[in-house]
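Colleague: Structure incoming, see below.
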Amino acid sequence: MTVSTKYPKLLEPLDLGFTTLKNRTLMGSMHTMLEDIPNGLERLAVFYAERARGQVGLIVTGGIAPNIEGRAIPLGDPMDNEEEAEKHRIITEAVHKEDGKICMQILHVGRYGYTENNVSSSETKAPISPFPARELSGEEVEKTIEDYVTAAKMAQHANYDGVEIMGSEGYLINQFIVTKINRRTDKWGGPYENRIQFPLEIIKRTRAAVGENFIIIYRLSMLDLVKGGSTWEEVVHLAKEVEKAGATIINTGIGWHEARVPTIGTIVPKGGFAWVTKKMMGEVNIPLIATNRINMPDVAEKILADGCADMVSMARPFLADPELVLKAKEGRAEEINTCIACNQACLDHTFTMQVCSCIVNPRACHETELNYTKTETAKTIAVVGAGPAGLEAATIAARRGHTVHLYEAESEIGGQFNMAKVIPGKEEYAHTIRYYNVMIKKYGVNLHLNTKADLQKLKEGNFDEIILATGVKPRKVNIEGIDHSKVLDYADVLYHKKPVGKSVAIIGAGGIGFDMAEYLAHDMSHESISLNVENYMKEWGVDMKYTEGGSLAESPKPLPSPREIFLLKRSEGKHGKDLGKTTGWIHRASLAMKKVKMLAEVQYQKVDDDGLHISVAGKPQTLAVDNVIVCAGQEPFRAMYEELKADGQSVHLIGGSNIAKKLDAKKAIKEASHLAAKL
């Protein structure tokens, strides 16, 4: 095997004294929901083994509670006895068989739980949980510490290589550390030295229980991003005490879950929080891990080369591509299926109690159900349309050994992703197009650009299977004056780059409407904030000088919008309620900072030279805008389907050409992968 010299820091082993990690990559903790369902551990074993085979240096599991009160949801079992530990051996054996190493994360959610058993340092209620939390008694604090220790001992019994003690993101340990939550007057409250005894006792007693030759990672909240959070001096003090207490590695935690600063969405610059870990470098003598929005080997290599950390954590990127490290090692980085940080199939699933997956890799967490085996009967397949659905179908079918012809009417592949990639904060979508371009060449897909596959061509092509992935077109709305020169649709603006005036009304406040507002609210003469760390931190109100606890600035300082924008919808209620659970708030907050005017209960009357005539909750008004942009949904391109069926062809509809309503790439790519896997 040829080993690439392009990533010397990333691929360098890390000596921990009693054991050595093969490289500087950590697969960070992700709760997949497989931890909580029947036969989930068996599926997790296959999931983690595939990543270990892909050469990741160290894996950390999704969070496992040390006791009943620590569970996030009323499912799954805490790691509190040997019988439970025995169940986990299927995971550790599978990983070790692939010469991998794996740590179990011990996670007590505290007041973040979605159960009636919530507990915390003090009586409190989290804004993201429907249930209040009661204060732990002094005796219960002691028992909770022992429960952490027991969980670590059971992890050792299960043959895990170590544990990660989750001390960040606003979970129970954080709730003891900060005065925002901890209002105790006993030895666990009051001065900072008292408040940090909770995590320090957990680490000390755990180290005593498991011995020296066992990895203990402590996930330290280096940046709380909430009012009343820790100061930098406090964070450094805790890091030094964590080292003394016996931790092997310190992993960086960024932001509480209730923080109003995006920390992992696609809008966050790549490696955007590595500066925090760099600030800690030299303060302790144990390895430090940088985290958040590190999604490609070049990003990771730069962080390590710049002295920001000793190791990098990538979580979602290993959902997108289990062979990320192997491909980097073999000089095949262009073949990496890159995480685009959309959250649609990973975090959005987890927070709605669905099994986690990945928008660009539907196999993630479904490795026992979805596989792309070599076909025994090679077919000739036509795929019409090179958007995400068509690209997935074509490349998977070709990978399995079929002869595939992919037809695209435009001059480039990508479909709707070519519009998504120009939205500020969605630049990463270009990576998916790059990936498919590489896969087309790798698996020998016959690509026909600038080619409309008409009915005659498909009928006469002697294809065994025809897949129509012709996508969608903007839905027209029936309004008087809709053909006025002021009126554009989203494709006119995002794809055909037609000019837009200084005042705009957007009809439709779904995902496309929000994207359009984001696009128009940014001054394109400035670099997108998702490409510039300092501008991003200013826009969202993060003080990189860390002058106050939590590192929040007095207020966000966004660049002003170059336009007056109205975002309109017919229905009642808040805008964006159907957007992703973990990203919708980001889009709403971003547009609010840009002073986009959001109007609901809108009836559209007409468009004329004066602008857009509407009524809002029954009251008429005229928006004197330069342009009206229609983002009112999509209609499927479904031409030829019925004719091909009538002609006896074996024809399939996928993606937007199948169902355009509430279409998203997650659904389209998943549908395509399942079809291509069975043809």
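Colleague: Could you state the number of Å between the C-alpha centres of region 404-475 and region 1-79?
Modeller: What the calculation gives is 35 Å, centre to centre.
Colleague: When Lys and Arg each count +1 and Asp and Glu each count -1, what net charge do the other residues less than 9 Å away from residue 108, Cβ to Cβ, add up to? Walk me through the intermediate numbers first.
Modeller: Values: positive: 71; negative: 69, 147.
Around residue 108, the surrounding residues sum to -1.
Colleague: Name the trypsin sites (Lys or Arg not before Pro) in region 197-257 that are in a loop by DSSP and that have at most 13 other C-beta atoms within 10 Å, would you?
Modeller: 227
Colleague: Kirkwood hydrodynamic radius for the chain: how many Å is it when counted over pairs of different Cα atoms? Before the final figure, lay out each step's value.
Modeller: Numbers: mean 1/r = 0.0376 Å⁻¹.
After inverting the pairwise mean of 1/r, the radius is 26.6 Å.
Colleague: Taking H placed 1.01 Å from N in the peptide plane, check which residues at least 5 places from residue 598 or on another chain put their amide H under 5 Å from its amide H.
Modeller: For residue 598, whose amide H was placed from the backbone, the distant partners under 5 Å are 567.
Colleague: Aspartates and glutamates within cross-link reach of residue 574: Cα-Cα under 16 Å, excluding same-chain residues under 8 positions apart?
Modeller: Those aspartates and glutamates meeting the cut-off are 601.
Colleague: While we're on this one: Would you calculate, for the chain, the mean residue ellipticity at 222 nm contributed by helices, counting each DSSP H stretch of 4 or more residues as -39,500 (n - 2.57) and dividing by all residues, to the nearest 500?
Modeller: Only helices count here, giving -8500 deg cm²/dmol.
Colleague: Can you grab the distance from the C-alpha centre of region 334-401 to the C-alpha centre of region 245-287, Å, no decimals?
Modeller: Here the answer is 31 Å between Cα centres.
Colleague: Further question on the same structure: What GluC sites (Glu not before Pro) in region 171-238 are in a loop by DSSP, with at most 13 other Cβ atoms within 10 Å of the Cβ?
Modeller: Taking region 171-238 and a limit of 13 other Cβ atoms within 10 Å, the loop GluC sites (Glu not before Pro) found are 212.
Colleague: Same structure, new question: Count charges around residue 185 for me, please; just the other residues with Cβ under 14 Å from its Cβ, Lys/Arg as +1, Asp/Glu as -1.
Modeller: +1
Colleague: Shifting gears a bit: Nearest 5 percent is fine: what portion of the DSSP beta bridges confined to region 14-350 is antiparallel?
Modeller: In region 14-350, approximately 10 percent of DSSP beta bridges are antiparallel ones.
Colleague: Whose amide H sits under 5 Å from the amide H of residue 73, counting only residues 5 or more places off or on another chain, with H placed in the peptide plane?
Modeller: The list, which skips near neighbours in sequence, is 114.
Colleague: Explain nothing, just compute: Karplus ³J(HN,Hα) = 6.51 cos²θ - 1.76 cosθ + 1.60, θ = phi - 60°, for every residue of region 131-142 in order, whole Hz, x for Gly and Pro.
Modeller: These are the phi-based 3J(HN,Hα) values: 10, x, 10, 8, 6, 6, 6, x, 5, 5, 4, 4 Hz.
Colleague: How big, on average over all directions, is the shadow cast by the Cα convex hull of region 382-518, in nm²?
Modeller: 9.9
Colleague: Here's another thing I want to ask about it. How large is Rg over Rh for region 10-108, taking Rg from the Cα atoms and Rh as the Kirkwood inverse mean of 1/r across Cα pairs?
Modeller: That ratio equals 0.99.
Colleague: Turning to a different aspect of this structure: Among the aspartates and glutamates, which fall within straight-line cross-link reach of residue 459, defined as a Cα-Cα distance under 15 Å, with same-chain neighbours fewer than 8 residues apart omitted?
Modeller: Of all the aspartates and glutamates, those that pass the test against residue 459 - Cα under 15 Å, at least 8 places apart if same chain - are 642, 643, 647.
Colleague: Report the Cα centroid-to-centroid distance between region 625-647 and region 289-321 in angstrom, as an integer.
Modeller: 41
Colleague: Using packing as a proxy for protection, rank 444-450, 622-628, 165-171 so that the peptide with the highest average count of other Cβ atoms within 10 Å comes first. It would help to have the intermediate numbers written out before the result.
Modeller: Values: 444-450: 15.6, 622-628: 19.0, 165-171: 26.0.
In decreasing order of mean packing, 444-450, 622-628, 165-171 become 165-171, 622-628, 444-450.
Colleague: Another one. With a ≥ b ≥ c taken as the square roots of the eigenvalues of the C-alpha gyration tensor of region 14-350, please select rounded if a/c is under 1.5 and otherwise prolate if a/b is larger than b/c or oblate if it is not?
Modeller: Rounded shape, in that the Cα axes give a/c under 1.5.
Colleague: Among DSSP beta bridges whose residues both lie in the chain, state the antiparallel percentage, nearest 5.
Modeller: 20
Colleague: HN-Hα J couplings of region 70-84 from phi, Karplus 6.51/-1.76/1.60, θ = phi - 60°, integer Hz, Gly and Pro as x?
Modeller: Rounded to whole hertz, the list is x, 6, 6, 9, x, 9, x, 10, x, 8, 10, 7, 5, 4, 5.
Read-outs throughout are calculated quantities, based only on the coordinates presented, and are distinct from any laboratory measurement. None of these values were measured; they are calculated from a predicted model. Counting neighbours? That spans all protein chains shown, and the Cβs are built from the backbone with ideal geometry, glycine included.
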